[in-house]
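Peer 1: Just dropping this structure here.
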Amino acid sequence: MSDSDPEVFAIIEREKKRQNENIELIASANFISRAMLEATGSLLTNKVAEGYPGHRYFSGCDNIDDLENLAIARAKKLFGAAHANVQPYSGSQANQAVYLCTLKPNDRILGMDLEHGGHLSHGAKFTMTGKHYSSSFYTVDPDTQFIDYEQILALAKSNRPKLIIAGGSSYSRSIDFKRFREIADEVGALLLADIAHIVGLVAAKLHQSPIPYAHFVTTSTQKTLRGPRSGIILLGEHSAQKFARRIDSAVFPGIQGAVHIHAIAAKAVMLGEALKPSFITYQRQILENAKLLANQLIQYGFRLVSGGTDNHLFIIDLRPQAITGKEAEERLAQIGITVNKNLIPYDSQSPQICSGIRLGTPAVTTRGFGSTEMHSIAAILDKMLNTKPTNHTIQEVREEVARLCRLHPLKVIL
Ligand SMILES: *Cc1c(COP(=O)(O)O)cnc(C)c1O
């Protein structure tokens with residue numbers, strides 16, 4: 001590429017440098033293995049295939065069928081699922097397929113409010129899901145900032161949704177899928193568990209699995225599962241019989257076209273990695289790092305939404321520091337730490353400004369960061385956010401970030 005397209009090559013080289021020289025604390029980010037990079041960059045991308053293994057609309061699909069069948073078998077094994085669809089292009093597409101499979105336009109859905117930790121694809125007004133379906137939202141408890149299952153039950157009873165969505169993008173506490181199913185049953189609704197964020201923990205059995213409870217389980221694969229930018233849908237034994245065929249035809253031809261077989265190959269590699277014991281060790285370390293970093297920050301006087309974390313992420317409420325999420329994000333970017341501004345429950349700031357930042361440990365844990373580095377990061381955040389840093393502090397802290405990155409270089413730099 002350096003010869004054929006030096007312009008694109010140069011940008012990728014700059015990105016390579018950025019990834020290696022910054023501390024990545026965005027909770028949805030990760031670094032994939034060389035084997036997965038090889039799969040996504042392979043000649044598989046040349047093959048056109050529509051439909052499912054054994055039932056394709058083009059010939060020459062034998063190898064593609066083998067790959068998709070392997071990915072499906074590994075997905076079912078890893079999650080204890082009865083049915084897996086590995087074709088969704090991303091987590092959002094996986095959700096759309098579930099909606100197409102279960103809902104008619106204007107049907108009612110109940111999901112977690114965006115400001116309280118939910119995801120855009122759960123019915124936010126300005127998205128397709130919000131425009132096509134009649135969405136309502138549950139919130140977290142104003143005092144504890146935990147999910148309030150009684151409130152969800154009350155909303156479900158008054159709104160009578162056809163589909164209830166459990167799961168979010170910035171909720172730092174465990175989710176009780178069993179309780180969600182009880183609520184769904186009580187009002188005759190279907191349950192979708194979107195585990196895009198916690199999927200790695202679920203796979204490692206460090207978080208309750210929704211497979212026995214939810215009618216549909218969707219996930220992204222690029223977050224804690226440490227795979228390519230893609231999606232998967234899983235069904236448990238209890239719902240496979242009724243929904244397996246319907247969900248498959250909702251994915252294709254319902255919302256998608258030809259399979260991205262290079263991504264499916266990468267998902268197969270990802271699932272193979274996740275089936276190894278070392279994956280459980282990795283997920284444990286993510287949790288340990290998150291807990292340690294959260295506790296250190298509390299010691300430095302930071303206020304965390306809900307007071308802490310049970311998973312791989314948490315939100316810092318920056319109102320006591322009197323700075324906005326946007327400002328904090330910019331300050332940290334200056335010194336080589338990447339985070340995202342994030343709304344906090346009942347936020348008075350706009351989504352462009354936000355009162356908080358979200359931090360997660362999946363990417364730094366992949367890099368080999370452990371307790372020493374978590375202590376260093378907490379001290380850096382204290383210096384950068386608890387007071388307005390001087391130029392001297394900024395210089396000093398920037399060097400500390402560079403030192404930590406040099407200590408743990410990214411193993412996969414092609
Ligand atoms: C990230 C995320 C998604 C969307 O995933 P994409 O793969 O980016 O489409 C869906 N749901 C939740 C809860 C997420 O966090």
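Peer 1: When the Kirkwood radius is taken over all Cα pairs of the chain, what Stokes-Einstein diffusion coefficient follows at 20 °C and 1.002 mPa s, in µm²/s?
Peer 2: In µm²/s, the coefficient is 97.
Peer 1: What residues qualify as long-range amide H neighbours of Ile337, i.e. H under 5 Å apart, gap of 5 or more or another chain, H built at 1.01 Å from N?
Peer 2: Ile23
Peer 1: A further question on this structure: Based on Cβ point charges of +1 for Lys and Arg and -1 for Asp and Glu, what charge dipole magnitude is obtained for the range 1-105 about its Cα centre, in debye rounded to the nearest 20?
Peer 2: Values: 11 positive and 13 negative charges, 106 e Å.
Dipole about the Cα centre, nearest 20: 500 debye.
Peer 1: Please arrange Asp143, Asp248, Asp62, Asp310 by accessible surface area, largest first, computed with a 1.4 Å probe and ligands excluded.
Peer 2: Asp143, Asp62, Asp310, Asp248
Peer 1: Just the number, please: percent antiparallel of the DSSP beta bridges in the chain, rounded to the nearest 5.
Peer 2: On the way: 20 of 36 bridges.
In the chain, DSSP labels about 55 percent of beta bridges as antiparallel.
Peer 1: Lysines within cross-link reach of Lys157: Cα-Cα under 24 Å, excluding same-chain residues under 8 positions apart?
Peer 2: List returned: Lys104, Lys125, Lys131, Lys178.
Peer 1: With a/c under 1.5 counting as rounded, go ahead and sort the range 277-407 into rounded, prolate or oblate using the C-alpha gyration tensor (a ≥ b ≥ c being the square roots of the eigenvalues; past the cut-off, prolate if a/b is larger than b/c, else oblate). Display every interim value, and only then the final one.
Peer 2: On the way: a/c = 1.88, a/b = 1.19, b/c = 1.59.
Note, shape of the range 277-407 comes out oblate.
Peer 1: Rounded, prolate or oblate for the range 148-302? Axes are the square roots of the Cα gyration tensor eigenvalues, ordered a ≥ b ≥ c, and the cut-off for rounded is a/c under 1.5. Kindly include the intermediate steps, with their values, before the conclusion.
Peer 2: Details: a/c = 2.09, a/b = 1.09, b/c = 1.92.
Oblate, because a/c is 1.5 or more while a/b does not exceed b/c.
Peer 1: Carbon-plus-sulfur fraction of the accessible area of the range 35-274, 1.4 Å probe, in percent? If you can, show how the numbers build up before the last one.
Peer 2: Values: 4830 of 9380 Å².
Answer for the range 35-274 is 52 percent, counting heavy atoms of protein chains only.
Peer 1: Residue by residue, what Karplus-based ³J(HN,Hα) values in Hz, rounded to whole numbers, does the range 34-44 have, using 6.51, -1.76 and 1.60 with θ = phi - 60° and x for Gly and Pro?
Peer 2: Along the range 34-44, the couplings run 4, 4, 6, 4, 4, 5, 5, x, 8, 6, 4 Hz.
Peer 1: Can you find, among Pro277, Leu235, Phe252, the residue farthest towards the positive end of the dipole of the chain? Put +1 on the C-beta of Lys and Arg, -1 on that of Asp and Glu.
Peer 2: Selected residue: Leu235.
Peer 1: Based on the Cβ-Cβ distance of Lys16 and Ile353, what FRET efficiency does E = 1/(1 + (r/R0)^6) give at R0 = 25 Å, to the nearest 0.05?
Peer 2: On the way: r = 31 Å, r/R0 = 1.26.
It comes to 0.20.
Peer 1: Would you mind working out the magnitude of the charge dipole of the chain relative to its Cα centre, with +1 at each Lys and Arg C-beta and -1 at each Asp and Glu C-beta, to the nearest 20 Debye?
Peer 2: With only Lys, Arg, Asp and Glu charged at Cβ, the dipole is about 360 debye.
Peer 1: Say the dipole of the chain comes from +1 at the beta carbon of Lys and Arg and -1 at that of Asp and Glu; which of Thr102, Phe9, Leu155 then lies farthest toward its positive end?
Peer 2: Selected residue: Thr102.
Peer 1: Going through the range 145-179, which chymotrypsin sites (Phe, Trp or Tyr not before Pro) have at most 16 other Cβ atoms within 10 Å and a DSSP loop state? Could the numbers behind the result be given before it?
Peer 2: Values: sites: Phe146, Tyr149, Tyr171, Phe177; in loops: Phe146, Tyr171.
Here the chymotrypsin sites (Phe, Trp or Tyr not before Pro) that fit, given the DSSP loop and packing criteria, are Phe146.
Peer 1: Sticking with this structure for a sec: Check each of the trypsin sites (Lys or Arg not before Pro) in the range 78-165 and keep only those in coil by DSSP with at most 13 other C-beta atoms within 10 angstrom; list them in order. Walk me through the numbers on the way to the answer.
Peer 2: Working: sites: Arg108, Lys125, Lys131, Lys157, Lys162; in loops: Lys125, Lys162.
Sites meeting the loop and neighbour criteria: Lys125.
Peer 1: I'd like the Karplus ³J(HN,Hα) series for the range 55-65: coefficients 6.51, -1.76, 1.60, θ = phi - 60°, whole numbers in Hz, and an x wherever there's a Gly or Pro.
Peer 2: Coupling constants for the range 55-65: 9, 9, 8, 10, 8, x, 9, 4, 5, 5, 4 Hz.
The values are calculated or read from the model by the stated rules, or taken from the named source; none is laboratory data. Just so we're clear, the structure is a prediction, and the values are computed from it rather than from any experiment. For neighbour counting, all protein chains shown are included, and Cβ atoms are generated from backbone atoms with ideal geometry for every residue, glycine included. Quick note on the areas: whole protein, heavy atoms, side chains included, nothing else; ligands and nucleic acids left out. Shrake-Rupley method; radii C 1.70, N 1.55, O 1.52, S 1.80 Å.
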